[in-house]
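These notes concern the structure reproduced below.
The values are calculated or read from the model by the stated rules, or taken from the named source; none is laboratory data. Because the structure is a prediction, the values reported are computed rather than measured. Glycine gets a Cβ as well: all are built from the backbone with ideal geometry, and neighbour counts include every protein chain shown.
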Amino acid sequence: MSEPLLTASGITVRFGGLVANDNIDLEVAPVGITGLIGPNGAGKTTLFNVLTGLNRPTSGSVAYDGQDISRWSPHRRARAGMSRTFQRLELFGGMTVRDNLLAAWEASIPGGVMGRRQSEGRQLVDEVIARLQLGAVAGRQTGELPTGIGRMVELGRALCTRPRLLLLDEPSSGLDAKETAHFKEILVEVTDPEQAVQSEDGRGAPAVLMVEHDVRLVMDVCRMITVLDFGKRIACGAPDEVRNDPAVIAAYLGEPAA
């Protein structure tokens with residue numbers, strides 16, 4: 001068994017008298033997709049913000065690739081290979097799809113915004129556009145696009161930072177069944193180590209931590225799943241274990257597995 005790429009240990013976050021996260025442990029493997037689920041208000045986004053440096057925990061620590069990053073800024077974490085999406089689309093609506101992706105790549109390397117390694121960036125953007133089937137909309141402004149395509153652009157923008165760890169916050173939010181099936185297909189493909197294109201710095205397919213309310217999607221694509229409820233971790237295991245866990249059924253799934 002390889003060591004986890006990301007480890008959160010004893011994460012507690014208090015906002016005044018509210019305990020949003022209560023002594024939570026979480027591990028993300030260096031390959032594959034890890035799920036984080038739970039009802040609304042369970043503390044999932046707060047934990048995401050701790051992992052990416054937007055919130056500092058009241059207690060506990062975060063380790064990434066063997067290093068304690070608890071006091072690292074979001075910028076430093078991003079440069080180290082952590083990238084995230086948001087529950088609400090956070091695209092540059094007045095820019096084209098291609099320019100959104102190029103801006104993400106430029107921000108991910110020192111001197112990128114000054115034109116450093118420009119040809120490399122454009123090649124990567126072209127590869128991501130092709131892989132995510134965005135060629136038909138590459139020249140359109142993202143503010144004009146429907147949510148389904150916007151989600152794919154957001155994924156593409158994250159991939160253009162060449163992440164080692166990709167954190168997805170509700171990636172299927174606003175998608176219909178057909179769009180969700182397409183997103184699932186693309187997500188499985190881009191996280192498959194055998195299909196990944198190795199970059200010059202050794203980064204291949206990213207590991208993924210995904211917050212998601214679509215339980216079917218989570219069960220289909222995740223190797224391991226952590227379940228939160230009222231700020232506490234109530235379960236962690238493979239999909240079949242979580243699906244049949246009485247605590248999870250009572251708190252979230254609502255009915256036993258067939």
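Regarding the range 25-45, can at least one residue be identified that is of a type in the set (Gly, Ala, Ser), closer than 26 Å to residue 250 by Cβ and surrounded by fewer than 19 Cβ atoms within 10 Å (Cβ to Cβ)? Step through it out loud before you land on a result.
Taking the range 25-45 and keeping what is of a type in the set (Gly, Ala, Ser), we get 29, 32, 35, 38, 41-43.
Now narrow it down to the ones that are closer than 26 Å to residue 250 by Cβ: 35, 38, 41-43.
Narrowing further to those that are surrounded by fewer than 19 Cβ atoms within 10 Å (Cβ to Cβ): 41.
Yes, the range 25-45 has at least one match.
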Is it the case, given these coordinates, that residue 147 is polar (S, T, N, Q), within 24 Å of residue 39 (Cβ to Cβ) and either without any contact (Cβ under 8 Å) to a residue 12 or more places away in the chain or surrounded by fewer than 18 Cβ atoms within 10 Å (Cβ to Cβ) (or both)? yes
Of all residues being closer than 18 Å to residue 109 by Cβ and hydroxyl-bearing (Ser, Thr, Tyr) in the range 65-95, which is farthest from the chain's Cα centre (by Cα)? Just the residue, please. 73
Exactly one condition in (1) touching a helix residue (DSSP H, G or I) at 6+ places or on another chain (Cβ under 7 Å); (2) not assigned by TED's automatic domain parsing to the domain that holds residue 214 is false for residue 118; which is it? (1)
For residue 97, are the conditions met, namely being assigned by TED's automatic domain parsing to the domain that holds residue 154, of a type in the set (Val, Ile, Thr) and under 30 Å from residue 194 (Cβ atoms)? yes
Looking at the range 220-233 only, could you name the residues that are touching a residue at least 40 places away in the same chain (Cβ under 8 Å) and not in a loop (DSSP other than H, G, I, E, B)? 221, 224, 225, 226, 227, 228, 229, 232, 233
